[in-house]
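So the structure is just underneath, and the comments pick up after that.
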Amino acid sequence: MAPEDNYWNRRMETLSREEISSLQLKKLRGILEICSHSPYYRRIFKEEKIDPSRIEDFDDLRRIPFTDKNILRENPSTDFLAVPREEIIRLHSTSGTTGQAIVIYYTRSDIQTWAEMIARCMYMNGVRRGDVFQNMIGYGLFTGGLGFHYGAELVGVLTIPSGAGNSRRQIQLMREHGTTVAHVIPSYALLLTEVFEEMGLDPREDTNLRILFIGAEPHSEDMRQRIEEIYGVDAYNSYGLTEMNGPGVAFECPHKQGMHLWEDHYILEVIDPQTLERVPEGEEGELVLTTLSREGMPILRYRTRDLASVIPGECPCGRKHRRISRIKGRSDDMFIIKGVNVFPLQVEEVLMKTLGVGSNYQIHLERVGVREEMKVLVEVTGELWHGNPSELRALQERIRENLRSAILLTPLVELVEAGSITKSEGKAVRVVDKRGNF
Amino acid sequence: MAHQINVFAQNKPGRLEHLTKTLLEAGINIRAITITGMEDFGVVKLLVDSPEKAYQALIKEGFTAYMKEIIAVIMRDQPGGLHEICQAMGTRGINIEDAYGFVIQEMKTALLVMEVEKIPEAEKVLVDSGFKVLSDEELYQI
């Protein structure tokens, strides 16, 4: 349970609803002013005839157009800069496998704000000086690693930047340094249990772990409970996305009843992805976020494509920052497997390139034991095949290899008969998720 | 030149039934069949009395099929019958990729069906060595 005093930033974490609203309005005016220094927003304000000084409340906010991945891709990232280039001290980037990578720029103050958000998340769940934190997640352009790293150092814990993978080494590090807290992708946490077993170790007995931060991919309550049981820890869900800094946008508190979204840093709207209108509080919709504190690259009304709902009522922890539910799915067709974001279009492009012709395909996401598997079914048509059995093996191998280099995952490839992939009301179903995450 | 039909099929119940039903409805007589299985899929090879008709019927039913050129050669149904052919091919450097055989007249004649890379060369080797190579029409007659 929560320690008596678990506020990293007591003032911000104990704001009342009214205080949050008035702070948001004040910061909104500030961020709109900052936006008018960015070439992109200057253009948008002009085109849409928006006078930022006339945006006075949350209703007025609706006059500002949404931003989304495509807009970020189609415009040069520097068009979103609201400060001179030399103020920027870091960039992160999405994988860019679907084409143009999205680049996010951070000023020194942006990095500090972000670290402070992560520090709140860690501190409220009992991480303290003296803890040993193993950050078992990708460093580099991916925000997961460095985001947590800076937050952990701010809290003042010994931070082991172990990065992703290298399972035996991870376990050795845990044992050698007495790791008490770790940050890990949930599917990897489960995978690691196999390695513990191989090494004849029991994570409950043979490590000092007591807290796991799990995130970067959707998972179910069941999965959390399994992880907690196997490791003998408390596991906390987190939410974030590169476009909004990275991890730490929303985080579970010790009550594990939804993730508090830090509303002093973001304005949250939940919209119907079809009508684009806001849905009533508590109803599921797409999360739309406006950065309130980012000075380097402010983004207004960003459509995350993540579907979730706001959990009504007050959290027993007392924080009034609203809570969002687990992510229930996506309003586009992106899926996450083994921590990697994949769009069906990427698979389609690889198939097109490999085969030279379009072929019907379907992606199956399955859970086999503790492993997640991605299986790509490809229909074998007359154009692809010249009657030899050996061709089929080679084709399978070529598809697998090309997919691996494009999406950095090795999928299973299954060749199926033409016409055997089922359609739904005449529409191709590209992804069948049988993992039961939601 | 003779032909067989190679059909891509998934390895699951009901697929062969569908295939044979299609041929039945098209009035096709199957002279020989082999199946090359590879875990989750396989290739069914069919020697039929009317390859073109069988091919069209299968395509129409949505099968992925391929008309494959083959060599059908008569061999003696006696000890050493297959050896004679293999010897003729082997000494002239012709590799057999896939083959199957069946008896036409017991103790007298049998048929060997071969997939080879160099069809014209193989045919010439066999004819030069005194073997009878069948055309589609002749295959239908037997």
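The values are calculated or read from the model by the stated rules, or taken from the named source; none is laboratory data. Here the structure is a predicted model, which is why all the values come from computation and not from measurement. Glycine gets a Cβ as well: all are built from the backbone with ideal geometry, and neighbour counts include every protein chain shown. Note: accessible area is taken over every heavy atom of the protein model, side chains too, but ligands, DNA and RNA are not part of it. Shrake-Rupley method; radii C 1.70, N 1.55, O 1.52, S 1.80 Å.
How many angstrom separate the Cα center of the stretch A:251-291 from the Cα center of the stretch A:1-44?
15 Å
Can you give the relative contact order of chain A as a percent, counting alpha carbon pairs under 8 Å and 6+ residues apart?
About 14 percent, as a whole number.
Starting at the first residue of the stretch A:72-86, write each ³J(HN,Hα) from the Karplus equation 6.51 cos²θ - 1.76 cosθ + 1.60 with θ = phi - 60°, in whole Hz, x for Gly and Pro.
5, 6, 6, 9, x, 4, 5, 5, 8, 5, 9, 10, x, 3, 6
Let me make sure I get this right: for the stretch B:70-141, a, b and c are the square roots of the gyration tensor eigenvalues over alpha carbons, sorted descending. Under 1.5 in a/c it's rounded, otherwise prolate if a/b > b/c, else oblate. Which is it?
Note, shape of the stretch B:70-141 comes out oblate.
Carbon-plus-sulfur fraction of the accessible area of the stretch B:70-141, 1.4 Å probe, in percent?
Summing carbon and sulfur atoms, their accessible area is 52 percent of the total for the stretch B:70-141.
Just going by the charge dipole of the stretch A:10-330, with Lys and Arg at +1 and Asp and Glu at -1 on Cβ, which of A:Pro39, A:Leu190, A:Gly178 is farthest out on the positive end?
After comparing all options, I get A:Pro39.
Please enumerate, by chain and number, the lysines with C-alpha under 22 Å from the C-alpha of B:Lys108, excluding those fewer than 8 residues away in the same chain.
Qualifying lysines at Cα under 22 Å: B:Lys132.
Quick one: among A:Gly151, A:Gly200, A:Gly285, which has the greatest mean-square fluctuation in a GNM of chain A with alpha-carbon springs under 10 angstrom?
Its mean-square fluctuation being the largest, the pick is A:Gly200.
Which of the listed residues, A:Gly369, A:Leu403, A:Gly382, is farthest toward the dipole's positive end in the stretch A:348-421, when Lys, Arg count +1 and Asp, Glu count -1 at the beta-carbon?
So the residue we want is A:Gly369.
Show the residues, 5+ positions off or on another chain, whose built amide H is closer than 5 Å to the amide H of A:Arg305.
A:Leu287
Could you give the C-alpha radius of gyration of the stretch A:10-330 expressed as a fraction of 2.2 N^0.38 Å, taking N as the number of residues it contains?
Output field value: 1.01.
For chain A, what is the charge dipole size about the Cα centre, in debye to the nearest 20, if Lys and Arg each add +1 at the Cβ and Asp and Glu each add -1 at the Cβ?
The dipole magnitude comes to about 620 debye.
What nm value, rounded to one decimal, do you get for the distance between A:Arg169 and A:Lys328 when each label is placed 7 Å out toward the C-beta?
Result: 4.2 nm between the two label points.
Based on a Kirkwood Rh over C-alpha pairs, give the Stokes-Einstein translational diffusion coefficient of the stretch B:2-69 at 37 °C and viscosity 0.692 mPa s in µm²/s.
Approximately 280 µm²/s, per Stokes-Einstein.
Using helices alone, what [θ] at 222 nm do you get for chain A, with -39,500 (n - 2.57) per DSSP H run of 4 or more residues, divided over all residues and rounded to the nearest 500? Could the numbers behind the result be given before it?
Numbers: 12 runs with 138 residues, N = 438.
Using -39500 (n - 2.57) per qualifying helix, the result is -9500 deg cm²/dmol.
Taking the convex hull of the Cα atoms, report for the stretch A:95-217 its projected area averaged over all directions, in nm².
Its Cα hull, projected and averaged over all orientations, spans 8.1 nm².
To the nearest 500 deg cm²/dmol, what mean residue ellipticity at 222 nm is calculated for chain B from DSSP H runs of n ≥ 4 alone, each contributing -39,500 (n - 2.57), summed and divided by the residues?
-10000 deg cm²/dmol
So what's the convex hull volume per residue for the Cα atoms of the protein assembly as shown, in Å³?
Values: hull volume 118.5 nm³, N = 580.
Here the figure is 204 Å³ per residue.
Taking the alpha-carbon distance from A:Lys49 and a cut-off under 29 Å, which lysines remain once sequence neighbours fewer than 8 residues away in the same chain are dropped?
Partners found: A:Lys26, A:Lys27, A:Lys69.
If you average the alpha carbon positions of the stretch A:118-177 and of the stretch A:376-390, how far apart do those two centres end up, in angstrom?
When both Cα centres are located, 47 Å separates them.
What are the ³J(HN,Hα) values, in whole Hz, obtained from phi via the Karplus relation 6.51 cos²θ - 1.76 cosθ + 1.60 with θ = phi - 60°, for each residue of the stretch A:429-435 in sequence order, with x given for Gly and Pro?
Whole-Hz 3J(HN,Hα) from phi for the stretch A:429-435: 9, 8, 10, 10, 9, 9, 7.
Residue by residue through A:380-387, how many Cβ atoms from other chains fall within 10 Å of the Cβ on average?
Mean shielding by partner chains, rounded to a whole number: 5.
Give me the accessible area per residue for the protein assembly as shown, probe 1.4 Å, as a whole number in Å².
Per-residue accessible area for the protein assembly as shown comes out at 44 Å².
For the stretch B:70-141, with only Lys/Arg (+1) and Asp/Glu (-1) charged at the beta-carbon, what is the dipole magnitude about the Cα centre, in debye rounded to 20?
300 debye
Based on DSSP, what percent of beta bridges with both residues in the protein assembly as shown are antiparallel, to the nearest 5? All intermediate terms of the calculation are to be shown ahead of the outcome.
Numbers: 78 of 102 bridges.
Roughly 75 percent of the beta bridges in the protein assembly as shown run antiparallel, per DSSP.
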